[in-house]
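No lab work stands behind these numbers, since they all come straight from the coordinates. Note that the coordinates shown come from a computational prediction; the quantities given were computed from them, not determined experimentally. So basically every Cβ, Gly included, is an ideal-geometry build from the backbone, and we count neighbours across all protein chains shown.
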Amino acid sequence: MTLRRPGRTGKSVRILVVDDYEPWRRFVCLTLQIYPECQVISEASDGLEAVQKTLELQPDLVLLDIGLPTLHGIEVARRIRDLSPQSIVLFLSENSSLDIAEEALRTGAVGYVVKSSAASDLLPAVEAVLQGKQFVSPTLAGHDFLDPTTAEVSSLPASQTEQKRCHEVGFYADDRAFVDGCARFVEGALKNGNAVIVVATESHRASLRQKLSADGVEVDIAMEQKRYIALDAAHTLSTIMSHDMPDPTRFLELAGKLITTSAQFAEGDHPRVAICGECDPPLWTLGNGELQIGVEQLWNVIADTYDVNILCGYSMGSAQRKMDQELFQRICAEHSAVHSR
């Protein structure tokens with residue numbers, strides 16, 4: 001789909017991202033990069049800065065948090081309506097209160113996305129509001145936020161928002177349990193006719209192949225049929241890094257190309273691709289848990305864009321020394337299901 005405001009001849013949608021939490025702004029910017037038309041022209045970390053930048057830049061779209069320093073997000077939206085009336089405001093808030101959402105939309109904002117649903121809701125919301133429609137996260141949908149006699153917007157059909165993400169995570173006590181968990185995932189995928197992409201360290205790839213063969217999986221045939229692709233974790237990670245950070249464009253291009261190519265060799269009426277990956281060993285070597293969160297968020301974009309099943313595996317024997325409780329919970333929050341063994 002081409003994102004463009006009605007009546008606007010430019011090729012890009014100019015976006016201002018407003019949130020006081022820098023990792024969240026990074027996630028939003030990474031997600032928006034799935035659309036080349038989306039151009040994040042600036043970011044703001046507090047309310048007054050958001051008002052100033054809106055007045056200066058006149059963006060097409062403002063993605064706005066509510067709980068901001070210096071000036072509350074709802075007041076920011078009111079000022080934007082006066083200072084830049086052509087700017088569309090889409091709220092991104094962790095607050096799931098119906099009363100707060102209703103108050104936010106009364107400012108003239110056209111959408112309200114709950115942050116816990118942003119991975120699945122953000123892109124559909126951007127599409128909807130740029131078409132002049134209202135978007136409210138499905139967790140709040142069904143409530144009459146606006147007076148139907150005055151509203152000129154409509155809700156996005158539920159069929160466009162109800163996409164079940166399959167991006168699971170497994171935490172395994174040691175390398176053996178890790179290999180066993182990945183083997184079950186791969187065996188099930190191949191049995192169903194899916195194509196499989198494995199991203200793992202050299203030792204794990206060797207152990208996984210040995211386990212699959214012992215379980216009766218004809219790995220060589222699957223590889224010849226191009227239904228089984230095994231990639232090195234460190235090498236794959238190096239191809240998507242830029243300045244010691246995952247580059248969203250490189251990541252999305254590489255993953256998209258692999259998925260599109262592999263899908264051609266999947267079998268059945270509804271061919272799918274299954275991805276079993278571990279980028280955590282080289283990321284732990286870099287010693288930055290934020291990098292791991294960034295990669296998991298990029299996988300969320302992939303899961304919401306393609307018809308794939310994803311299992312991210314963590315061998316706790318190598319990761320646990322660098323994974324505190326907070327990071328563990330944040331990693332879990334990025335996934336649709338959590339397994340442990």
In nanometres, what is the gap between the two model label sites at Ile41 and Glu224, each 7 Å from Cα along Cα-to-Cβ? 5.8
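Between Ala263 and Glu326, what length in nm is gained on full extension when 0.36 nm per residue of separation is reduced by their alpha carbon distance?
Between Ala263 and Glu326, full extension yields an extra 19.0 nm.
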Under a point spin-label approximation (7 Å from Cα along Cα-to-Cβ), what is the Met241-Ser12 distance to one decimal in nm? 2.9
In whole Å, what are the Cα extents of the stretch 167-340 along the three principal axes, biggest one first? 41, 34, 27
Between His339 and Ser116, Cβ-based FRET efficiency (R0 22 Å, step 0.05) works out to 0.60
For labels at Asp232 and Glu56 in the simple 7 Å Cα→Cβ model, what's the distance in nm? 4.6
What shape does the stretch 13-160 have by the C-alpha gyration tensor, where a ≥ b ≥ c are the square roots of the eigenvalues, rounded means a/c under 1.5, and otherwise prolate means a/b greater than b/c and oblate the rest? rounded
Taking the square root of 5λ for each eigenvalue of the C-alpha gyration tensor of the stretch 195-295, the equivalent ellipsoid has semi-axes, largest first and in whole angstrom, of 26, 18, 9
Please work out the C-alpha center-to-center distance from the stretch 66-110 to the stretch 170-216 and express it in whole Å. 47
